[in-house]
Amino acid sequence: GAMPEAHARASGPWRALRAAALPLLLLGLFEALARRAAALGSEQLAPPSAALRALLRAALDGSLWPATGFTLGAAALGLLIGAGLGTLVGIGLGLSPRASRAGFLSIELLRPLPSVALLPLVMLLFGFGTDLEVSLVAFSTFWPQVLLVQSAVRQVDPQLLELGRLLGLSTARRIRLIVLPTIAPRLLTAVRMGTGFSLVIALTVEIAGNPQGMGFAMLLAQQSLEPAMMIGWLMWIGAIGVLVNTGMLRLQRALNRRLGVTVP
């Protein structure tokens, strides 16, 4: 009753402190190393304290927010397209062994292609901008989603699907009433994994060839010999990644509670 709840509330801050101990220790070591390098005349490293001040200036002058919004928007749209199409194709391949066999070679040929290797080709098609980044994020998130959803659909009880056929349910209704409720927990896990992956791909594309977003802003700071701003962007990107992952994890747990699924 009250004792376990009180213990859970008390242990919450303690768990958070333990989780933050290692990052804080690493930041402290980096601070000491950067200050030592500065004392020896090196200006290639900036301490985290200077990076935080540079980041605060960027937030106050407004330059932080457009780049952040561009990267998050491109990652989200690319994930929506890639994961949405990947879910549809994964369900189709999972329900149809014939389609799975027919598409096996194509998937195995295209899936290992790194998205950055396609950058010159996609740049010819779309030029710079949102379309370039969204298409590469969608391509990269499509294949993992296909494989994860296909594997989940194959684990649906065949007797349930057969019962749906005997009841005269159409394919669309069998998917809606039987397949989707069964695979929902694994589908949510796949989307959460794809969220982090989409952010990584978006940043990689910006660093490699798209002159917009947080990745390009960090590259520009490096090229402008502003190590404090470069490290500030790196810290900001890390914080964004943690916040996005935490938000998706909480959303997944909330949805799974509605479905009656226990998530550790």
Residue list for the range 200-233, filter: closer than 23 Å to residue 130 by Cβ, of a type outside the set (Gly, Ala, Ser), in a helix (DSSP H, G or I) and in contact (Cβ under 8 Å) with a residue 40 or more places away in the chain:
201, 203, 204, 205, 206, 214, 216, 233
For the condition part of a helix (DSSP H, G or I) and of a type in the set (Phe, Trp, Tyr), what is the one hit in 128, 104?
104
Which of (1) at pLDDT 90 or above; (2) over 20 Å from the mean Cα position of the chain (by Cα); (3) not hydroxyl-bearing (Ser, Thr, Tyr) does residue 85 not meet, given it meets every other one?
(2)
Failed condition for residue 28, given (1) open to solvent by 90 Å² or more (accessible area, probe 1.4 Å); (2) modelled with pLDDT under 85; (3) of a type outside the set (Ser, Thr, Tyr):
(1)
Only one residue in 136, 220, 199 is open to solvent by less than 10 Å² (accessible area, probe 1.4 Å), of a type in the set (A, V, I, L, M) and either in contact with a strand residue (DSSP E or B) (Cβ under 9 Å, 6 or more places away or on another chain) or modelled with pLDDT of 90 or more (or both). Which one?
136
Testing residue 150 on (1) touching a Leu at 6+ places or on another chain (Cβ under 8 Å); (2) under 20 Å from residue 72 (Cβ atoms); (3) of a type in the set (S, T, N, Q), one condition comes back false. Which one is that?
(2)
Hey, can you tell me all the residues within the range 132-189 that are among the basic types (Lys, Arg), within 29 Å of the chain's Cα centre (by Cα) and within 21 Å of residue 98 (Cα to Cα)?
154
Among the candidates 64, 60, 52, residue that is within 25 Å of the chain's Cα centre (by Cα), under 24 Å from residue 239 (Cβ atoms), open to solvent by 60 Å² or more (accessible area, probe 1.4 Å) and modelled with pLDDT under 95
52
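The values are calculated or read from the model by the stated rules, or taken from the named source; none is laboratory data. In this text, all values refer to a predicted model and were calculated from it rather than measured experimentally. Ideal geometry is used to build each Cβ from the backbone, glycine not excepted, and the neighbour counts take in all protein chains shown. Keep in mind that these areas ignore ligands, DNA and RNA; they rest on the heavy atoms of the full protein, side chains included. Shrake-Rupley method; radii C 1.70, N 1.55, O 1.52, S 1.80 Å.
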